[in-house]
Amino acid sequence: MLRIYVLIFVIGMIGAIGYGAKYYYDTTQATIATLRENNVKLETAVETSEQSLKTLQGDMVKLGNLNKELSISLQKAEAYGDELRNKLSKLNLVVEALKDSKQLEGKMNGATANLWRGFMGDTGGDGKRPLPQWLLPVPGRTGDQSSNQSGEGENTDSIKAETPPAQ
């Protein structure tokens, strides 16, 4: 009888060891599968971050170039402003206005009309919209040098908001 008990004990031990080995194998395989999935996710994340880094580096180069262009434009604008200040300091507008006010008015309206067109173009205007009434030449005045060569000018008072006709 002792033999049977020893045989049952040995078979039980072998079974327990076999079950333990199978459990270990199954959990190890599940862990390996999870690690593979995580590895794929990490590789995708690394690729995405590398692409983002390349894009950022390209954007930094573009921003650097744009910054240089803006600096150059700023220097030009400052130089132009200095030039205008020098010209304005040499002019005596009061004397010129008293001497020939109509000519001065025409020059001022012409310069204002050019600025107006520039603003309209810079802010997305199509250039087809007429100038405001206050920038149009006054008929019968001599010396008017308005820059509005087309003579267009329905009432486009700059105080009133207008919307272009729907197309």
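Where a number appears in this text, it was derived from the coordinates with a stated rule and is not lab data. All values reported here derive from a predicted model rather than from experimental measurement. Don't worry about glycine lacking a Cβ; one is built from the backbone with ideal geometry, like all the others, and counts go over all protein chains shown.
For the residues Lys54, Lys99, the requirement of being under 30 Å from Gln133 (Cα atoms), surrounded by 10 or more Cβ atoms within 10 Å (Cβ to Cβ) and charged (D, E, K, R) singles out Lys99.
So which residues in the range 1-28 are surrounded by fewer than 10 Cβ atoms within 10 Å (Cβ to Cβ) and part of a helix (DSSP H, G or I), if there are any at all?
Quick first cut of the range 1-28, residues surrounded by fewer than 10 Cβ atoms within 10 Å (Cβ to Cβ) only: 1-5.
Correct list: Leu2, Arg3, Ile4, Tyr5.
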